[in-house]
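**Q** Structure in structure tokens, see below.
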Amino acid sequence: MIYVLRRLGHTAVVLLGVSIVVFALIQLVPGDPVRLALGTRFSQESYDALRAASGLDQPLPEQFFGYLGGAITGDLGVSFRSGEPVTLILLERLPATISLAVAGMIVAMLIAFPLGIYAATHAGRASDAIVRIISQAGVSVPDFWMALLLILGLSATLQVLPSSGYVPITEDPVEWLRHVTIPAITVGLIAGSIMTRYVRSSVLEVLGADHVRTARSKGLRERVVNARHVVRNALVPVITVGGVQLATMLGGVIVVEVVVAWPGLGRLVFDAVAARDYPVIQGAVLLVAVIFLLINLLVDLLYARIDPRIRLS
């Protein structure tokens, strides 16, 4: 409990630093967001009113502390473009991002664990080399190119899946599955390729450990040795990589979401940057930072759960 409280305190400090950096960078961006939000024709009265409502007429220290105080209470400001609260906009986009991240992570694990374990248990053979080549190719291929190839093959040619769009899983699970398949495979293939290499290395290291040789000397079958003594001990470094990949997906896979028109956080950030919607950019970056920090905390807690030898202090 003390460890969790201490980590939460560190999280608060990191979020403060993130807020300062993002606020400073946004102030350095050239251009007037109020002028851009109003368009080409506007009156001075409307310009002054929106600038005052956004707090941009105040000195920079007052703007920052006003934003920080609002963020603590959950008030991230109002979007320049739509006039809606940023918190509400983020909450509307979050379900799409979570559903894509979960689906993508399932694809990644279905790829990484079987291939990584198989390559490690067949190290030095031709099958091991093939798995390593495939994983390297998966890491090297750009995500937007992978998405375009899947759209061309599964949507344009075979016409079995929609090329874009989003249907909430609560409305129609079948249609959600059809729409999420292409983006989930795209992000899952890339994350799975990265994780495959770590699974292989981790399992290969554990296979040479003393307790594994002892289990084999007792006459246990190879399948039992791998299931009971190898895989669990190899999970700790894999969980770290998996946590980073999951946090990346939850933070929004910008290019993939733009290509397949997925209304998640990545697409939101892309549109906000194009429109210079500063409150949305600040809120989205802060939310992504929170996601990364919380997942890192969960990963650390899982270490002790999987390996009793690890003590959190």
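The values are calculated or read from the model by the stated rules, or taken from the named source; none is laboratory data. Fair warning: this is a prediction, and the values are worked out from it, not measured in the lab. When we count neighbours, we look across all protein chains shown, and the Cβ atoms used for this are built from the backbone with ideal geometry, even at glycine. The accessibility values were calculated without ligands, DNA or RNA, using every heavy atom of the protein model including side chains. Shrake-Rupley method; radii C 1.70, N 1.55, O 1.52, S 1.80 Å.
**Q** Looking only at segment 24-41, count how many residues are part of a helix (DSSP H, G or I) and at pLDDT below 80.
**A** Selection size over segment 24-41: 10.
**Q** For segment 43-62, which positions are open to solvent by less than 80 Å² (accessible area, probe 1.4 Å) and in contact (Cβ under 8 Å) with a residue 12 or more places away in the chain?
**A** If the condition is that a residue be open to solvent by less than 80 Å² (accessible area, probe 1.4 Å) and in contact (Cβ under 8 Å) with a residue 12 or more places away in the chain, then Tyr47, Leu50, Arg51, Ser54, Gly55, Leu56 are the ones that fit.
**Q** In this structure, is Leu115 over 31 Å from the mean Cα position of the chain (by Cα) and farther than 25 Å from Arg267 by Cα?
**A** So Leu115 does not fit the description; no.
**Q** Follow-up. Among the residues of segment 273-295, what is the count of those that are under 16 Å from Gln245 (Cβ atoms) and surrounded by fewer than 18 Cβ atoms within 10 Å (Cβ to Cβ)?
**A** 1
**Q** Please determine whether any residue of segment 109-125 is crowded, with 18+ Cβ neighbours inside 10 Å, under 30 Å from Gly208 (Cα atoms), touching a Phe, Trp or Tyr at 6+ places or on another chain (Cβ under 9 Å) and not β-branched (Val, Ile, Thr).
**A** Yes, some residue in segment 109-125 is crowded, with 18+ Cβ neighbours inside 10 Å, under 30 Å from Gly208 (Cα atoms), touching a Phe, Trp or Tyr at 6+ places or on another chain (Cβ under 9 Å) and not β-branched (Val, Ile, Thr).
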